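Read through the structure below, which is laid out as structure tokens, and then see the notes.
Only the coordinates and a few stated rules stand behind these numbers; no lab work does. Note that the coordinates shown come from a computational prediction; the quantities given were computed from them, not determined experimentally. Quick reminder, even Gly has a Cβ in these numbers, built from the backbone with ideal geometry, and neighbours come from all protein chains shown.
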Amino acid sequence: MGVSRVCGTGARLLLTRGGPSLGATAAAHRGFRTSAASLKEDEFSKILSGEIQKIHNKVRDVLPGSDWSPLKSMEHLPPEHADIVIVGGGVMGWAVAYWLKRMLTKKKAYNVLVVERDPTYSHASTVLSAGGIRQQFSRKENIQMSLFGAHFLRNINEYLGIINEDPVDIQFNPSGYLFLSSEKGAEILEENYRVQREQGAKVTLLSPDQLKRKFPWISTQDVALASYGLENEGWFDPWLLLTALRRKAMSMGVLHCHGEVTGFNSVKQKMLTADGELVTCKIIKQAIVQTQNSLENQPVDCMAVVNAAGAWSSKVAEMVGIGRGNPGSYENVRLPVEPRKRYIYMFHCPAGPGLDCPMLIDSSGVYFRREGMGGNYIGGLSPPEEEEPDTSNLDVDHEYFQQKVWPLLAHRVPVFESLKVKSAWAGFYDYNTYDQNGVIGIHPLVQNLYFACGFSGHGLQQAPAVGRAVAELLNSGQFTTLDLESFGFQRFISQQPIMEKNIV
């Protein structure tokens with residue numbers, strides 16, 4: 001495609017690589033605050049807030065026993081300016097915020113705002129997931145991201161620890177993933193194994209006899225080959241990771257707001273692509289935030305926006321016109337991310353596998369892992385495309401377990417014939433319908449909109465690496481640690497999917 005990215009009528013537009021850094025482009029439209037200026041403003045705000053609180057207390061003293069106040073609290077409102085607005089306060093949004101602050105320098109003292117519409121996180125994909133991490137992928141980038149994720153989790157207090165507070169404990173269980181393959185899939189499993197070993201993952205292949213000796217409770221019927229993670233795989237508590245990221249980021253000065261981004265104000269310019277197509281280039285100037293339980297809208301001036309809205313990321317993209325152009329045009333290429341509901345069932349089996357139980361992924365697609373001790377497990381099964389459940393709610397289909405999940409579990413682990421379901425819940429995948437891989441980087445037409453979404457169930461384990469990657473793009477305009485360029489929005493335009501063979 002194009003050979004340059006100069007804004008202006010008649011200019012040519014490069015649609016092959018992520019956009020420029022904040023320092024290169026956005027700063028030309030509005031300069032960043034220096035750390036000194038931010039400090040002065042913070043001191044002034046503290047003094048003003050203190051004086052207002054004194055008045056507020058005097059009024060309440062005059063009216064004892066009354067909750068009435070002549071001064072309306074403004075704590076629920078977002079700031080009028082934030083250099084970077086992050087839409088979505090799940091693990092991905094807070095990971096980006098954390099890394100932005102960690103990379104802070106005197107010359108780049110960003111004000112970062114995280115906007116989260118659900119402060120209870122009752123519908124958040126992060127806290128409703130199974131909390132697994134593995135390196136057993138087929139694409140090297142996915143392996144690299146999860147290798148760093150494992151390093152991050154194992155050294156979490158070096159990253160997220162706060163002085164004079166209790167150490168972070170996310171209850172990491174290093175029990176490994178165990179993939180089982182039929183004869184049909186054995187060759188793919190071997191190919192994946194070679195890629196994983198090349199990238200430094202500690203993985204081993206097991207024959208059916210070796211599998212039976214190591215895990216005697218497994219039925220090896222129709223198993224041709226198994227792949228087992230020896231290090232840096234397992235599961236952890238998603239809520240504890242989210243809480244630790246959020247707490248650390250806020251201790252570093254990240255702002256947060258309970259509300260919903262309902263739109264954007266942007267400036268536009270017409271540009272020509274190398275193919276001669278006239279397109280509209282946009283730069284977001286303001287994010288419009290509607291506060292929780294209120295009709296108030298607050299425009300927030302910003303230099304860049306990060307779309308980390310998970311399953312609802314495509315709606316955020318549509319607010320700035322992505323996917324709403326003329327048919328066949330670049331502007332009509334949508335962000336192919338949508339919610340997909342997945343059930344997780346907790347069941348009990350006293351005679352089931354013990355402490356040696358890994359996260360088992362069967363060739364049928366059913367999975368389970370130990371949950372604590374005492375014969376408790378969680379598991380599930382992703383349905384085929386034609387049987388995707390309704391996403392308008394988080395209701396659980398218990399018949400799905402009885403008819404689809406249980407028979408497969410009992411086939412692989414015979415003692416599961418006697419299991420009993422104790423509870424169940426549902427959560428949303430931010431599912432990339434195009435190729436089930438994450439979308440990372442800048443939009444080629446909206447030059448200050450960055451993506452961190454569409455991970456299709458892998459976002460929790462990849463969040464530390466993705467947060468670092470997006471922060472690098474915002475700081476320097478390029479990936480400096482891991483090359484994740486192939487995960488950009490550009491692949492939807494050029495129709496070049498990046499397929500992952502180990503989707504769970």
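The relative contact order of the stretch 341-428 comes to 44 percent, based on Cα pairs under 8 Å that sit 6 or more residues apart. Cα-based radius of gyration for the stretch 170-249, normalised by 2.2 N^0.38 Å, reads 1.37. Applying 0.36 nm per residue to the separation of Gln403 and Gln269 and subtracting their alpha-carbon distance, the gain on full extension is 42.7 nm.
When only the Cβ of Lys, Arg, Asp and Glu is charged (+1, +1, -1, -1), the dipole of the stretch 277-402 relative to its Cα centre reaches about 480 debye. Taking all Cα pairs closer than 8 Å and separated by 6 or more residues, the relative contact order of the stretch 327-383 comes to 35 percent. For the listed peptides 443-451, 277-285, a ranking on the average number of other beta carbons within 10 Å per residue, highest first, reads 443-451, 277-285.
Diffusion coefficient (Stokes-Einstein, Kirkwood radius over C-alpha pairs, 4 °C, 1.567 mPa s) for the stretch 112-265: 72 µm²/s, rounded to a whole number. Note on the stretch 254-319: percent of Cα-Cα distances in each 10 Å bin, starting at 0 and stopping at the bin with the largest distance, equals 18, 43, 27, 10, 3. Each of the peptides 488-496, 433-441 was scored by the mean count of other Cβ atoms within 10 Å over its residues; in descending order, highest first, they stand as 433-441, 488-496.
Where the centroid of each part is defined by its Cα atoms, how far is the stretch 315-384 from the stretch 392-428 in Å? Cα centroid to Cα centroid, the span is 14 Å. Over 20 Å apart at the Cα level, from the set Lys214/Lys420; Lys101/Lys282; Lys282/Lys315; Lys140/Lys202, are Lys214/Lys420; Lys101/Lys282.
Reported to the nearest whole Å, the Cα centre-to-centre distance from the stretch 191-244 to the stretch 132-156 is 13. Computed extension gain for Ser207 through Glu165, at 0.36 nm per residue and net of the alpha carbon distance, reaches 10.4 nm. Taking the Cα atoms of the stretch 282-403, the ratio Rg/Rh between the radius of gyration and the Kirkwood radius comes to 1.14.
The simple spin-label model puts a point 7 Å past each Cα toward its Cβ; for Arg324 and Glu296 those points are separated by 2.6 nm.
Working from label points 7 Å from Cα in the Cα-to-Cβ sense, the His151 to Thr105 distance is 2.1 nm.
About its Cα centre, the stretch 179-316 has a charge dipole of approximately 440 debye under the convention of +1 per Lys or Arg Cβ and -1 per Asp or Glu Cβ, with nothing else charged. Along each principal axis, taking the top coordinate minus the bottom one, the Cα set of the stretch 280-352 gives 63, 38, 22 Å in descending order.
Seen from Ala317, the other residues with C-beta closer than 10 Å to its C-beta sum to a net charge of +2, counting Lys and Arg as +1 and Asp and Glu as -1. Maximal additional length on extending the Gln221-Ile498 stretch stands at 96.4 nm, based on 0.36 nm per residue less the C-alpha distance. Each Lys and Arg Cβ is given +1 and each Asp and Glu Cβ -1; about its Cα centre, the stretch 327-465 then shows a dipole of about 480 debye. In the distance distribution for the stretch 90-155, Cα-Cα pairs more than 15 Å apart total 68 percent.
Normalising the average separation of contacting C-alpha pairs (under 8 angstrom, six or more residues apart) by the number of residues puts the relative contact order of the stretch 393-504 at 24 percent.
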